[in-house]
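Taking it in order: structure first as structure tokens, then the write-up.
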Amino acid sequence: MIRDQRRWQRFTPMQRARRAAFYLLAAAAIGQSLRAVDVIPEFLQDMPEQVADLFRRMWPLDWGYYGKAVHEALIETFHIATLGTILAIGLALPVGMLAASNLVPWRPLNLLAKLILVSSRSVNSLVWALLFVAVFGPGALAGTLAIAFRSIGFVGKLFGEALESTARGPIEALHAVGAPPASVFLKGYWPQVQPAFWSIALFRWDINIRESAVLGLVGAGGIGMALDTALTLLYWDQAAVVLLTILAVVAAAEIAVTAIRSRIL
Amino acid sequence: MAAPAPAGAIAADGRALSIRDLVKEYRPGQPVLAGVSLEIAGRGLTAVIGPSGAGKSTLIRCINRLVEPTSGRILFLGQDLAALRGAALRRARRHIGMVFQEYNLVERLSVMENLLCGRLGYVSAFRAWARRFDPADIERAFALLDTVGLGDFANRRADALSGGQRQRVGIARAVMQEPDLLLADEPTSSLDPKTAVEIMELMTRLAGARDIPVIVNIHNVELARRFSRRVIGLAGGKVVFDGVPESLTEADLNRIYGGENWQEAT
Amino acid sequence: MSAPAAAPAPAPARRDPFPPNWPARAAWGGLALYALYAASTLEVTWERFVYGLGNGARFIGRMLPPDFSKTELLLRGLIESLEIAVIASAVGILLAMPVGLMAARNLMPRWLSWPARGLIALCRSFHAVIVAILFVKAVGFGALAGILALVVSSIGFIAKLIAEAIEEISLKPIEAMRAAGASFGGVVAMAVVPQVLDRFVGFATYQLDSNLRNSTMVGIVGGGGIGATLFTAFQKFDYDFVLAILIAIIGVIFAGELLAGWIRDTFK
């Protein structure tokens, strides 16, 4: 009987071939990387001793450094992250709207918007900071712009995707009553994407707090400058104070985001 | 398979299920099951009826220990299920198939993979991971799919099936365990009336072929009457009726569900 | 500013169909005030802005055309960045899987999920660059520090997402498999993994992408890869080479995104 000769296979041959190709590719990439990468294993053996040394140099903490240099830099970091996020949202909303193919049904414009978003995301915030430091000189302005330009891609991409996943119904209803485009956006799209929008904005702000803490390493202002100074002079007891401060701020930001999220979403 | 056991031989027959003084309290002092004792003999379908919250679901889940009983004994296949732990409990569960109201399939897996989930008690995690199931099990799964009328659906994903088809897969998965007892928790409550009858017929047929007892929680008294050999009425965590369906009177139903007028209203 | 306008004329008899949301308006007003205040601390003056624009024009002028002549230097850095990203992603994802599973509160007992969640929080709290600084101190300059830093951040990111994905799965199939006598491993293989697999592939490909981007960055603090080349080029004012490096990075990341899409399709 033919029925009894049925064989069960989890994947079609095509699926199997693709998976095999993936595993082969992954193995080759990892193998080649491991072989070629310039790693000196002795350094790894040395690690415990170096870490112990690190902690010895960090202790006791130099709390005086907080009042001297860290506190002001901390405030500046907060400003950089927040202002950068606000700026990014202002710039990202139009780009995100242009990227949404249901809102702007013209393919070249969608692609242009996507290109802007990809470029923004591909360049790291530290690299953006290097660029803006070169243009505007060291300081918080460069940091703010770096945060803003890095965030455009993130916010714009997610906002555009949220717009594309809106339901057609309410929008058709508004078109049907002859509403002008601005009203269609405000009363048709916006209510649908508003929760996503707030969630994206808060998420990005949380990330930006972390990112703005390192911008100072390339001179773009904020608490990273204090860290850079301490590191350059090898004052690990001061660096440890900065690290603990960053830890506290990151934790506080996470708590704040969780609280706001449960409030407004 | 063993011949049907005569009534007097129940205690000696390891395949009978014997529940003794089963108590379950989710919160101390508020028993959901307040001392249930039952003997369920070698074969046939036993329907458990009763109002919502009477403890039907808890009773059936205590048997395979998806719910931890507070006290009492559950004797089956020569051991006390209520006292088992770890690997011994898993070994005992292999022998008890279960059918669920919401089917409890893995939606993203194919029908065949869902069926093979019934063999997980016998297969190591690694073999399950690699889908290296026993060819004999796969053979049997195909045969079972033919039996439940889903022969061409083996590679279909479970989320592409209708409710009735999903429940057929759920039953086939339970039978894949080659169980000595089949439990079913409201297996027809999410289905339309015609499909519900088909599902009850299918369960009766498959359990009859394996000559094993079936315990079904059921809301629909008509279905209970039609398919069961024995009806157990549960109310307030206690057995208030136990007999053949023919002896189930309106007075009994009032005792089980409480109140007087609800039957006229329907 | 979007501060609330003057109070409207009282119209007590009519119910307003769109009652103004005063707390929300106050929040918007507060946010606008804050933005103005924070902007004022940046010390942006008109002269500085004009100077910046002029500087920017000169800067862009010196960037163009991009200088691809130092091909060998560029490729060496890029390849090292790729190696760092590949190894860090592989190790990070491999380690993140058990940690994420252990952190899922719906499957794991408290005594296991809390330490796992603590580990995740620790990995997430510092930016990869700061972790890289610490690893440069611990294992010296070079690719190893970069790899270790990215492994740490990968664990933090992926394990958290895995834990969240697992916490959202349906527990019904798990109940069914436990009822069939399945071991914990069997339940994971047949009920947990199929329910989270495509999301996991999404996270993993995103992390590969993200490690690729971050591997260009850890070099700035001595973690190896093209970041070091980039930083040096900046310091030497080789802005045309900077642009060449940036274009190369964007190209690699774009290729990485295509690859990620292919991987997601493969495992759908």
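The values are calculated or read from the model by the stated rules, or taken from the named source; none is laboratory data. All of these numbers come straight from a predicted model, not from anything done at the bench. A quick note on method: Cβ atoms are made from the backbone with ideal geometry, for glycine too, and the neighbour counts reach across all protein chains shown. Surface accessibility is based on the protein's heavy atoms, side chains included, excluding ligands, DNA and RNA. Shrake-Rupley method; radii C 1.70, N 1.55, O 1.52, S 1.80 Å.
Label positions at C:W114 and B:R157, each projected 7 Å from the Cα along the C-beta direction, are separated by 3.9 nm.
Toward the positive end of the charge dipole of the protein assembly as shown, about the Cα centre and with charges on Cβ (Lys, Arg +1; Asp, Glu -1), which of C:I120, B:A158, B:L75 goes farthest? Of C:I120, B:A158, B:L75, it is B:L75.
Once you charge only the Cβ atoms, +1 for Lys and Arg and -1 for Asp and Glu, what is the size of the charge dipole of the stretch A:3-55 about its Cα centre, to the nearest 20 debye? Please list the in-between numbers first.
Numbers: 8 positive and 6 negative charges, 255 e Å.
The calculation lands at about 1220 debye.
Starting from 0.36 nm per residue, how many nanometres of slack lie between A:F22 and A:L109 once their C-alpha separation is accounted for? Mind dumping the intermediate values first?
Working: separation 87, 0.36 × 87 = 31.32 nm, distance 3.38 nm.
Length difference between fully extended and current span is 27.9 nm.
Could you size up the charge dipole of the stretch C:139-250 around its Cα centre, putting +1 on the beta carbon of Lys and Arg and -1 on that of Asp and Glu, and report it in debye to the nearest 20?
Details: 6 positive and 8 negative charges, 33 e Å.
With Lys and Arg at +1 and Asp and Glu at -1, about 160 debye.
Per-residue Karplus couplings for the stretch C:104-111, computed as 6.51 cos²θ - 1.76 cosθ + 1.60 with θ equal to phi - 60°, are listed in order as 6, 6, 7, 10, 10, x, 3, 5 Hz, Gly and Pro entered as x. The H on the amide N of B:L33, modeled in the peptide plane, is under 5 Å from the matching H of B:K24, each at least 5 residues off or on a different chain. Identify, among B:W129, B:L116, B:G149, the residue whose Cα sits farthest towards the positive end of the charge dipole of the stretch B:96-160, taking +1 on the Cβ of Lys and Arg and -1 on the Cβ of Asp and Glu, with the dipole about the Cα centre. Value computed over the given set: B:W129.
Of the options A:G137, A:T229, A:P180, report the single residue whose Cα projects farthest towards the positive end of the charge dipole of chain A (beta-carbon charges: Lys, Arg +1; Asp, Glu -1). After comparing all options, I get A:P180. From the alpha carbon centroid of the stretch C:94-144 to that of the stretch A:110-154 is 28 Å.
Could you tally up the Lys pairs in the protein assembly as shown with alpha carbons closer than 18 Å? Skip any pair fewer than 8 positions apart unless they're on separate chains.
On the way: A:K114/A:K157; B:K24/B:K56; B:K24/B:K238; B:K56/B:K238; C:K70/C:K236.
Lysine pairs meeting both conditions in the protein assembly as shown amount to 5.
Amide hydrogen proximity for B:G72: with H placed 1.01 Å from N in the peptide plane, the residues at 5 or more positions away or on another chain lying under 5 Å are B:V23. Less than 5 angstrom separates the built amide H of C:L171 from none of the residues sequence-distant by 5 or more or on a different chain.
Only helices reaching 15 angstrom along their own axis (Cα) with mean Kyte-Doolittle hydropathy no lower than 1.0 count here, and for the DSSP H runs of chain A these are A:71-99, A:125-136, A:140-164, A:236-264. Rounded to the nearest 20, the size of the Cβ-charge dipole of the protein assembly as shown about its Cα centre is 1020 debye, with Lys and Arg at +1 and Asp and Glu at -1. If R0 is 45 Å, the Cβ-Cβ spacing of C:Y37 and B:S52 corresponds to a FRET efficiency of close to 0.15. For the segment C:138-149, counting C-beta atoms of other chains within 10 Å of every residue's C-beta and taking the mean gives 5.
A Förster radius of 51 Å, combined with the Cβ-Cβ distance separating A:M47 from B:H219, puts the computed FRET efficiency at roughly 0.20.
A DSSP coil position with no more than 16 other Cβ atoms inside 10 Å describes the following chymotrypsin sites (Phe, Trp or Tyr not before Pro) in the stretch A:93-178: A:W106. Taking a ≥ b ≥ c as the square roots of the eigenvalues of the Cα gyration tensor of chain A, is the shape rounded (a/c under 1.5), prolate (a/b larger than b/c) or oblate? Oblate shape, in that a/c is at least 1.5 and b/c is the bigger or equal ratio.
Computing FRET efficiency as 1/(1 + (r/R0)^6) for A:T232 and A:K187, where r is the C-beta to C-beta distance and R0 is 51 Å, gives about 0.40.
In whole percent, how big is the carbon plus sulfur part of the accessible area of the protein assembly as shown, probe 1.4 Å, protein atoms only? Don't jump to the answer; show the numbers that get you there.
Working: 23780 of 37410 Å².
Ligands and nucleic acids excluded, carbon and sulfur give 64 percent.
Anisotropy class assigned to the stretch A:98-252 is prolate, per the alpha carbon gyration tensor with a/c at or over the 1.5 cut-off and a/b larger than b/c. Using a probe of 1.4 Å on the protein chains alone, the accessible area found for B:H95 is around 60 Å².
Does chain C come out rounded, prolate or oblate by the C-alpha gyration tensor, with a ≥ b ≥ c the root eigenvalues, rounded set by a/c under 1.5 and, if not, prolate when a/b is larger than b/c and oblate if not? Oblate, because a/c is 1.5 or more while a/b does not exceed b/c. Converting phi to 3J(HN,Hα) with the Karplus coefficients 6.51, -1.76 and 1.60 and the offset θ = phi - 60°, the stretch B:126-133 yields 5, 5, 5, 4, 7, 6, 8, 8 Hz in sequence order, with x at every glycine or proline.
Averaged over the residues of peptide A:34-41, the number of Cβ atoms from other protein chains lying within 10 Å of each residue's Cβ is 6. The GluC sites (Glu not before Pro) of the stretch C:25-86 meeting both criteria, a DSSP state outside H, G, I, E and B (loop) and at most 14 other C-beta atoms within 10 angstrom of the site's C-beta, are C:E43. Inter-chain neighbour count for B:218-228: the average number of beta-carbon atoms from partner chains within 10 Å of each residue's beta-carbon is 0. Measuring only protein heavy atoms, the 1.4 Å probe finds B:K56 accessible over about 10 Å².
Couplings 3J(HN,Hα) for the stretch C:243-252, derived from phi with the Karplus relation 6.51 cos²θ - 1.76 cosθ + 1.60 (θ = phi - 60°), are 4, 4, 4, 4, 4, 4, 4, 4, x, 4 Hz, where x marks Gly and Pro.
With the simple spin-label model, which puts each label point 7 Å out from Cα in the Cβ direction, the B:S71 to C:I247 separation comes to 8.3 nm. Each label point was placed 7 Å from the Cα along the Cα-to-Cβ direction; for B:R255 and A:M14 their separation is 6.5 nm.
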